[in-house]
Structure formats: structure tokens, C-alpha cells
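Chemist: Got a structure here, written out as C-alpha cells. Questions coming.
The values are calculated or read from the model by the stated rules, or taken from the named source; none is laboratory data. Source: prediction; values computed, not measured. Heads up, the Cβs are rebuilt from the backbone with ideal geometry, glycines too, and the neighbour counts pull from every protein chain shown. With ligands, DNA and RNA removed, areas are computed over all heavy atoms of the protein, side chains included. Shrake-Rupley method; radii C 1.70, N 1.55, O 1.52, S 1.80 Å.
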Amino acid sequence: MRIGIICGGPRALWAVELLVSLARRPTAPHIIIDLWDPQDPGAGWVYRADQPLCWRLNAPASIVTTAAGDLTDWMDERGLPKENFPPRAVVGQFLSESWGYVVASTPDNVQINHRKQKVETVDPAEGGRWVINGGEEVDRLLIATGHARQWDGALSEAEAGTPVVRP
């Protein structure tokens, strides 16, 4: 079975962790997971390392867990301040390491491929399958796009590079 995942942030990470967990069952088939994201998997765009440290997680750190552990323990192990709302870039480091953990612990019947590209087209194919970018076909598809990168009223890239205070 070939499973496609569009975008590689936390939701995609958690989906891959679940698929890997299910693939450990004795009767599990061979699974190929193709993940499309121009960013490195785990952190995705929202939690990438190159953003200002003033941009914070908007939920308590205690709820961020992966198969590799939980964010608060990870911060403690690295001597980082235990903050309830840590910088998104720090959360991204944890999620990236969690991606490495799931890939390293993948059983032999699972293959994970990261396609470092943006998905431009998704088209239906015969038998309920999907064609990605006019080429690769998958049996099942998960769209895990998460946060929108652009929306009406969003800050421009120039504005977003530094904290902006508006009246």
C-alpha cells in the first residue's frame, strides 16, 4: 500500500508515527509513505528553525508529545528553559528530532520517502487512488497542511520578520 501525505509538519509526523505503529502488527502489509513538503519533515513551515525566537507556541508545551517523548522533558534534557510557551523554533527542533526518531525506528515493512517539493496538483485516479503533481500515484492520501501561509490581512514578509505592534 502506498500512502501519500501532503505537508510535513506535526500532524504529518503524528500520522507517520501511527502508521509505523500499526505496521508493527504481525499481519501488516508493506507500506510506502510518500511525504511532500519543501521544508524538512517534523517541524514543517510553522515550526521551522529560522524564525524569530519571539514567535511562540500558542498552546502549553506540556501537550506536545511524540513517539520520541514529550517537549518539556526534551527541553529539560538539553538544559533549555522550561517555558510553558516556548519559541516555535525550539518546538521545531524537537519535532525534527522526533521525525528522525520515527524514521530510525521504522520496521522493515515500511518505507518512508520525503519529496522535498511543493504539491501543485492532486487529481483523482481509478480505484479511488490519487495522482500527485501529475506523476506519482498513491492508494490513500492525507492532506496535513495545517496553518495557511497566506490569508487576507496577513502580514507581509517584511512585516513578519520583526515584531509588529499595531494599535
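Chemist: Note down the relative contact order for the chain as a percent, whole number, built from C-alpha pairs under 8 angstrom at least six residues apart. Working shown, then result.
Modeler: Values: 281 pairs, mean separation 52.7, N = 167.
Once divided by the residue count of the chain, the mean separation gives 32 percent.
Chemist: Sorted by accessible area with a 1.4 angstrom probe, largest first, how do R11, R140 fall? The partial results should precede the final answer.
Modeler: Values: R11 165, R140 135 Å².
Order by accessible area, largest first: R11, R140.
Chemist: So, with +1 on the Cβ of K and R and -1 on the Cβ of D and E, and no other charges, what is the size of the charge dipole of the chain about its Cα centre, to the nearest 20 debye? Write out the running numbers ahead of the final one.
Modeler: On the way: 16 positive and 21 negative charges, 38 e Å.
Dipole about the Cα centre, nearest 20: 180 debye.
Chemist: Okay, moving on. Given a 1.4 angstrom probe, I'd like the percentage of the accessible area of the chain that is carbon and sulfur, rounded to a whole number. Intermediate results must be reported in sequence, preceding the final value.
Modeler: Values: 5190 of 9890 Å².
Accessible surface attributable to carbon and sulfur in the chain totals 52 percent.
Chemist: While we're looking at this one, here's another question. Please compute the per residue accessible area over the chain with all protein chains in place, 1.4 Å probe, rounded to a whole number of Å². All intermediate terms of the calculation are to be shown ahead of the outcome.
Modeler: On the way: 9890 Å² over 167 residues.
Using a 1.4 Å probe on heavy atoms only, each residue of the chain averages 59 Å².
Chemist: To the nearest 0.05, how large is the calculated FRET efficiency for Q117 and W55 if R₀ is 30 Å and r is the Cβ-Cβ distance? Let's see the in-between values first.
Modeler: Details: r = 25 Å, r/R0 = 0.85.
The computed FRET efficiency comes out at 0.75.
Chemist: Same structure, new question: For an R0 of 45 angstrom, estimate the FRET efficiency from the Cβ-Cβ distance between K82 and R25 and round to the nearest 0.05. Please report the intermediate quantities before stating the final value.
Modeler: Numbers: r = 37 Å, r/R0 = 0.81.
That pair, K82 with R25, gives E of 0.75.
Chemist: Now for a different question. Take F94, F85 and sort them by solvent-accessible surface of the protein heavy atoms, 1.4 Å probe, largest at the top. Display every interim value, and only then the final one.
Modeler: Values: F94 5, F85 95 Å².
Order by accessible area, largest first: F85, F94.
Chemist: Express in Å², to the nearest 10, the accessible area of K118 obtained by rolling a 1.4 Å probe over the protein heavy atoms while all chains stay in place.
Modeler: Here the residue's solvent-accessible area equals roughly 130 Å².
Chemist: Shifting gears a bit: Compute the helix-to-body angle for 88-104: its Cα long axis versus the longest principal axis of the chain, expressed 0 to 90° and rounded to tens.
Modeler: 20 degrees
Chemist: May I pose another question? Taking only DSSP H segments of four or more residues, each worth -39500 (n - 2.57), what value at 222 nm results for the chain once the sum is divided by all its residues, to the nearest 500 deg cm²/dmol?
Modeler: So the helix-based figure for the chain works out to -7500 deg cm²/dmol.
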